[in-house]
Structures are given as C-alpha cells and as structure tokens.
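The values are calculated or read from the model by the stated rules, or taken from the named source; none is laboratory data. Keep in mind that this is a model prediction, so the values were computed, not measured. With ideal geometry, Cβ positions are generated from the backbone for all residues, glycine too; neighbour counts draw on all protein chains shown. Accessible surface is based on the protein model in full, side chains and every heavy atom, while ligands, DNA and RNA are left aside. Shrake-Rupley method; radii C 1.70, N 1.55, O 1.52, S 1.80 Å.
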Amino acid sequence: AWFVGGTANVTTRGRLILINSGLSDAIVDIQSYTENAKQPIKSVNLKSKSYMQLSIDSLAPGDKALAVQVIPRSGRVNAYMIDEQGAGLKALGGDFVNSYPTAAKELVIPAIPNQLPKKGQTASTSHTLRILTPGDVNTTFTLEVLSADGSFVPVGLSSQSIEAGVVTEFSLAPKIS
C-alpha cells in the first residue's frame, strides 16, 4: 500500500498502524520518501493477531512532506495512516490518509472540496497536491482539473518536472464554481 500524505515534523502526532490478522508472524518493510530524499527501509516484525503503531515522525524526523510504501514480506497485513495536527498540547484535528494499492502513471482524484466563502467570510485556503516518482528517473506531469466550468490545466502545472525519489508539493487553488 502507498500512503502519500502525512507530516513528520513537531506539529504532528500522526501514526502508521500495521495489523497482522493472520495466524503466523509477519515481516513488513516500510519505505519512506520525503521532500529531501528517499529514506532507508525500516523492517518490522509483527506477531500473529497483533498490531503495531509507528509514529510518522520516527520514519523521517523533521521532514514535512511524506510518502510511505508498506510492503509485507510475509503474513496477512493491513496498513492505515492517520495524520493528526497539533499545536503544543492542543489537538487541531486529523484525518485518515487514503492508501493506494500501487504507484500509477495516471491518477484520478474524484473530488476536491471547493466551498466558496459566504458573505463576510474569508476565502478558503489552497489545497496541496503531493506527488512522488518512486523510480530512479526524473519525470514530468500535467495536472488537469475537470469541473462544471469545463476542464483546464492550472497555470504552471503543465509538463512540470519532478525529481525522482523526492516528494514534491504544489499549491492548488482553482477558482471554479
């Protein structure tokens, strides 16, 4: 499973949860990528019918953009990632990070929350698009937005180059109805 999301800095309490529901022990490899570089593989052993929680910041301490691949070598393993934000001891909320079964050359994100502000409200913040090329070769990508207003490529996101093995983030704030 691939998890492209989560943050590994001091403002988060995110975790990767591994569950072994099988009757035998499991071995799981965890490959992390950040905005700085590909991290060393971390291997963990899970006893049968047990679970383990790994703090996201233990995978890449101090890095802000994270992509994680969970690779079971043996056993029946499920993985989940929860990204929780905080400020000191105050919890600011969190969410599940969706998993993807495999890396793909084309990906459709079915919906992006885009609620226009009501009278007297400030405009919502932009969205962040996080992309990773897990291979050894740099690549280019193009982002296309489909909406009721039609389809378009946001300025600067056509044939954008990204470095291999490094998580790259782009700000996305489309002005659509």
Mean accessible area per residue over the stretch 1-86 (1.4 angstrom probe, all protein chains present, square angstrom) is 48
Whole-percent tail of the Cα-Cα distance distribution for the stretch 126-177, cut at 18 Å, equals 35
Quick calc of log₁₀ I(q)/I(0), the stretch 1-92, Debye, one scatterer on every Cα, no solvent, q values 0.16, 0.17 1/Å, result -0.62, -0.68
Checking the stretch 93-177 for GluC sites (Glu not before Pro) in a loop per DSSP with at most 12 other beta-carbon atoms within 10 Å yields Glu106, Glu144
One point scatterer per Cα, no solvent, Debye formula: log10 I(q)/I(0) for the chain at q = 0.13, 0.14, 0.18, 0.20 Å⁻¹ comes out as -0.76, -0.86, -1.24, -1.39
Binned at 5 Å from zero, the C-alpha pair distances of the stretch 90-177 give percents of 3, 10, 18, 22, 19, 15, 8, 4, 1, 0
Quick calc: nm separation of the 7 Å Cα→Cβ label points for Leu89 and Asp25 -> 4.0
Taking only Cα atoms of the stretch 63-141, the Rg to Rh ratio with Kirkwood Rh works out at 1.03
Kirkwood calc, the stretch 45-89, C-alpha pairs only, radius in angstrom 13.0
